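Structure first, commentary second.
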Amino acid sequence: MATEQDVVELILADHRTMEDLFREMRDVEGDREGALKTFADLLIAHAEAEEAEVYPALKRFRNIESGEVEHGVEEHTEANEALLALLEVDEIGSEEWDEKLEKLVESVNHHAHEEEATILNGARENVPAERRAELAAAFAAERERQLKAGCGDPENIRRLLKS
């Protein structure tokens, strides 16, 4: 097995982890609060790493629509807003919490589907494997830096939404 990673595969792995966390947040017998905390950190770290390391690099490649990349950034903002709304609900499992969770699920799943169909397929087709490996290293490093900083904290999300 190669030691180099592919940024597309790292991003897809995060998307699958987010789907698993959604299932846990919906499970009345699961650790919904823990899953939400893990999800909040992952979503913010993932989006910030994409915007800092991946999206700017992909905009430089032909056949990857910069409009799709810009749209991805807009969808990150929408997901962050939905995440913050869920984090601000007082009672986990309440009707309000379930409604906000479903809005978050819809927002994130919509973005992941579009990103996979457009940006990530474009990267697979147009970005050389060596460059995808470089982007994987940069993405992983920034993602880890964000996670260590507690990026899913509601105060940080509010700060991100204001910038």
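Couple of notes before you dig in:
- Computing Rg and the Kirkwood Rh from the Cα coordinates of region 40-100 gives a ratio, Rg/Rh, of 1.15.
- Rg [Å, one decimal], Dmax [Å, integer] - the chain, C-alpha atoms: 15.9, 48
- Residue of 75, 116, 125 that the Gaussian network model of the chain assigns the largest fluctuation, springs spanning Cα pairs under 10 Å: 125
- Inverse mean reciprocal Cα-Cα distance (Kirkwood Rh) of region 79-163, Å: 15.2
- Of the trypsin sites (Lys or Arg not before Pro) found in region 57-115, those in coil by DSSP whose Cβ has at most 16 other Cβ atoms within 10 Å are 59, 60, 62.
- Set 103/162; 37/100; 37/103 screened for pairs whose C-alpha atoms are more than 19 Å apart: 103/162
- Mean separation of Cα pairs under 8 Å and 6 or more residues apart, divided by the residue count, gives the chain a relative contact order of 41 percent.
- Comparing mean-square fluctuations of 40, 52, 112 from a GNM of the chain with C-alpha springs under 10 Å, the top value falls on 52.
- Of the residues 105, 157, 22, the one whose Cα sits farthest towards the positive end of the charge dipole of the chain is 157 (charges of +1 on Lys and Arg Cβ, -1 on Asp and Glu Cβ, taken about the Cα centre).
- Each Lys or Arg adds one and each Asp or Glu subtracts one; over the other residues with Cβ under 12 Å from the Cβ of residue 37, this totals -4.
- The mean accessible area for residues of region 89-163, using a 1.4 Å probe and ignoring ligands and nucleic acids, is 58 Å² per residue.
- Remark: spin-label model distance residue 5-residue 19 equals 1.9 nm, labels positioned 7 Å along the Cα→Cβ axis.
- Evaluated with a Cβ-only charge set (Lys, Arg +1; Asp, Glu -1), region 1-114 carries a dipole of roughly 460 debye about its Cα centre, given to the nearest 20.
- If you sort 14, 31, 6 by accessible surface, 1.4 Å probe, largest first, the order is 31, 6, 14.
- The distance linking region 10-32 with region 97-111 is 12 Å (Cα centroid to Cα centroid, whole angstrom).
The values are calculated or read from the model by the stated rules, or taken from the named source; none is laboratory data. Note that this is a predicted model, so its numbers are computed, not measured. Ideal geometry is used to build each Cβ from the backbone, glycine not excepted, and the neighbour counts take in all protein chains shown. Ligands, DNA and RNA are excluded from the accessible area calculation, which covers all protein heavy atoms including side chains. Shrake-Rupley method; radii C 1.70, N 1.55, O 1.52, S 1.80 Å.
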